[in-house]
Amino acid sequence: FSTAMMRLGGSVVGFSDPRSSSTTKGETLKDTINMVSCYADMIVMRNPREGAAKAASLYSSVPVINAGDGGHSHPTQTLADLLTIHREKGGFDNLTVGFCGDLKFGRTVHSLISALIRCSGVRFVLISPMELKLPGYVKDKLDAAGVEYTETDSLEGSIADLDILYMTRVQKERFFNEEDYLRLKDTYILTSEKMALASEKLRVLHPLPRVNEISVAVDNDPRACYFKQVLYGKYMRMALILKLLEVK
């Protein structure tokens, strides 16, 4: 968002480390947002607490962009994902989308599913170990929307049927027990050998950063689109900033 704003000729004020704000002195979120909205035309906010951005929007006098709240949602990443899918596949209807890795804590997964269930004929393949399965409240959304989905622990057995493979890292920061993280972190690694099982229509996405869940050898595969996501994400953020300033 800083890059997007500067590309548009604007400037950025703020802090990336919450310890540099007055929250360390006991200031409430309400007061922080009221203060910041006096200095800025919009607020871009990432917070480890679920629902923090929604709460901030209730106090702010300027638009608030949710750039990720805990393990709940990441709507701006979803916009970048949707732009990538549309550019690569020409639309969203009748796609088979596989999500692989950390589906329990992956806020990008939860957000993208919530967006894609609005489309026609979308089918999901949920690939994860038992400990990192998609949460029940997200599956409730799928059931309510009547969307078809299957759960499996096999990437090799699923990849041939996919139009989109959305890889995710196992997020160390979400684990309370390091032993569990170490046991699960290398469950899925996408390699050239596994890509050979997929069709030419497949497109591979990843919200980044990656650790080792996608081999660097896959980067040269024309079906790998995760760095395109970054570029499209810049364009999307620039467009979003312009739209919100127009509304303001």
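The values are calculated or read from the model by the stated rules, or taken from the named source; none is laboratory data. Just so you know, these numbers come straight off a predicted model, no measurement behind them. Positions of Cβ are backbone-derived with ideal geometry, glycine not excepted, and every protein chain shown enters the neighbour counts. Accessible surface areas use protein heavy atoms only, side chains included; no ligands, DNA or RNA. Shrake-Rupley method; radii C 1.70, N 1.55, O 1.52, S 1.80 Å.
Overview of values
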| read-out | value |
| --- | --- |
| Count of segment 79-90 residues which are within 26 Å of Asp102 (Cβ to Cβ) and either more than 10 Å from the chain's Cα centre (by Cα) or at pLDDT below 90 (or both) | 8 |
| Residues that are of a type in the set (Val, Ile, Thr), closer than 18 Å to Leu208 by Cα and not in a helix (DSSP H, G or I), drawn from segment 98-126 | none |
| Criterion (in contact with a strand residue (DSSP E or B) (Cβ under 9 Å, 6 or more places away or on another chain) and under 29 Å from Lys243 (Cβ atoms)) met by exactly one of Ser120, Ser111, Ser128, Ser61 | Ser111 |
| Residues within segment 61-110 that are closer than 27 Å to Ser154 by Cβ and not aliphatic (A, V, I, L, M), tallied | 23 |
| Failed criterion for Gln229 (all others in (1) open to solvent by 30 Å² or more (accessible area, probe 1.4 Å); (2) touching a helix residue (DSSP H, G or I) at 6+ places or on another chain (Cβ under 6 Å) hold) | (1) |
| The one condition in (1) open to solvent by less than 30 Å² (accessible area, probe 1.4 Å); (2) more than 19 Å from the chain's Cα centre (by Cα) that Thr76 fails to fulfil | (2) |
| Of residues in segment 127-150 being of a type in the set (Gly, Ala, Ser) and not in a helix (DSSP H, G or I), the one nearest to Leu202 (Cα to Cα) | Ser128 |
| Segment 1-57, residues that are within 25 Å of Tyr232 (Cβ to Cβ), at pLDDT below 90 and surrounded by 11 or more Cβ atoms within 10 Å (Cβ to Cβ) | Gly14, Met45, Arg46, Asn47, Ala53 |
| Cross-chain or 6+ apart pairs with Cβ under 6 Å, segment 206-233 first and under 24 Å from Thr76 (Cα atoms) and aromatic (Phe, Trp, Tyr), then open to solvent by less than 60 Å² (accessible area, probe 1.4 Å) and not in a loop (DSSP other than H, G, I, E, B) | Tyr226/Leu205; Tyr232/Ala80; Tyr232/Leu83; Tyr232/Thr84 |
